[in-house]
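Engineer: If you scroll down you'll find the structure; I have some questions about it.
The values are calculated or read from the model by the stated rules, or taken from the named source; none is laboratory data. Small disclaimer: the values here were computed from a predicted structure and weren't measured. Cβ sites come from the backbone with ideal geometry, for glycine too, and all protein chains shown count toward neighbours.
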Amino acid sequence: MTDSDTPKPLETEEEPAESARVAALTKPEIFFEDAHLALIFKPAGWLSVPGMPGSLSARDPSVQQWLAKRWAPGDSGEGFVGTVHRLDRPVSGVMVWAKSPRAARRLSEQFASGKVVKQYWAVVAGGPSANSGVWEDWLALQRVEGRNSVLRCSPGAPGGQPARTDWQKLDATGLNQGLAWLSLWPRTGRMHQLRVQCAERGWPIVGDTQYGSTEPWPHPWKMALHARSLTFRHPETQEQFLAESPVPEHWYSLGEVVAWRDGGEHSTIRKS
């Protein structure tokens, strides 16, 4: 996971039609917009940015393309869309997009310096016995069966990078048996960081078949990982924004967790 788009699954002739069909069932939602940025709810199943040219996933919709068409000047061309972070295709949740090069640069600097607080919710098989802690690992990108995968490696190994995540186990009353609900705060932004850190501890995220999930999950191109909130400063006014988004409906198949429904049906922001 985290701030990079998902690697392409092994692709067959059927996959583009299925992935495009899943994405077509939902649309991104803009829940705040001004002259400098937009806050978006990204549905699970949507790419953050277009797939590589010539790949089958390049035919599937992306949030970046969707915004470019909305922000197009007049009736032709495409508007500027600054990508400052990414979510994997199967992940839902809050994203911030820049509307000018200056806003993109300033937001990117916040992400790079660790000033943006990112909170994710995940439902995993099994789960930790403790209630909170910190995961510190080294992760390395490898090519496995024709696609990018991330593996845990020894500290200092060639190609390895440190990954740190703070975590807390949440009240899972109503969750289906054998599952745990976690709140995760990645302090680094490695590819697939949260997905790998959960899986390497024996608790794969539900729906993440790439990293070992075997739980029943009737939602292709989606997983139980959700970007719950972003805390950052506006690139011009320096106001602090807290943007939050409720879990999507397909999470309800994991159990009757009251907190998922009581949080409201729409994404929200608070400014200070």
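Engineer: Filter the range 51-65 down to the residues that are more than 23 Å from G207 (Cβ to Cβ) and at pLDDT below 95 and list them by number.
Structural biologist: Passing the criteria: M52, P53, G54, A58, Q65.
Engineer: Let me ask something additional. Answer with yes or no whether T83 is over 30 Å from S253 (Cα atoms) and surrounded by fewer than 21 Cβ atoms within 10 Å (Cβ to Cβ).
Structural biologist: Spelling it out, T83 is indeed over 30 Å from S253 (Cα atoms) and surrounded by fewer than 21 Cβ atoms within 10 Å (Cβ to Cβ).
Engineer: Sort through G212, G202, G207, G178 and tell me the only one that's over 23 Å from T83 (Cα atoms), out of contact with any Phe, Trp or Tyr (no Cβ under 8 Å at 6 or more places or on another chain), small (G, A, S) and surrounded by 15 or more Cβ atoms within 10 Å (Cβ to Cβ).
Structural biologist: G212
Engineer: With the checklist (1) modelled with pLDDT under 95; (2) within 21 Å of P101 (Cβ to Cβ); (3) more than 19 Å from the chain's Cα centre (by Cα) in hand, flag the one item H36 doesn't pass.
Structural biologist: Going through the list (1) modelled with pLDDT under 95; (2) within 21 Å of P101 (Cβ to Cβ); (3) more than 19 Å from the chain's Cα centre (by Cα), H36 breaks only (1).
Engineer: Sort out which residues of the range 195-230 are closer than 16 Å to G45 by Cβ and without any contact (Cβ under 8 Å) to a residue 60 or more places away in the chain, and write them in order of number.
Structural biologist: Those that are closer than 16 Å to G45 by Cβ and without any contact (Cβ under 8 Å) to a residue 60 or more places away in the chain: T209, W217, P218.
Engineer: Considering (1) closer than 15 Å to V123 by Cβ; (2) surrounded by 20 or more Cβ atoms within 10 Å (Cβ to Cβ); (3) within 14 Å of the chain's Cα centre (by Cα); (4) touching a residue at least 40 places away in the same chain (Cβ under 8 Å), say which one L254 fails and leave the rest.
Structural biologist: That leaves (3) as the condition not met.
Engineer: Can you name the number of the only condition in (1) at pLDDT 95 or above; (2) in contact with a His (Cβ under 9 Å, 6 or more places away or on another chain); (3) not in a strand (DSSP E or B) that R86 fails?
Structural biologist: The number of the failed condition is (2).
Engineer: Sticking with this structure for a sec: Based on this model, can you work out whether A125 counts as over 16 Å from L39 (Cα atoms) and modelled with pLDDT under 95?
Structural biologist: Details: over 16 Å from L39 (Cα atoms): yes; modelled with pLDDT under 95: no.
Answer is no for this residue.
Engineer: Can you tell me which of S149, S245 is among the polar types (S, T, N, Q), farther than 20 Å from S108 by Cα, touching a Ser or Thr at 6+ places or on another chain (Cβ under 7 Å) and in contact (Cβ under 8 Å) with a residue 12 or more places away in the chain?
Structural biologist: The unique qualifying residue is S245.
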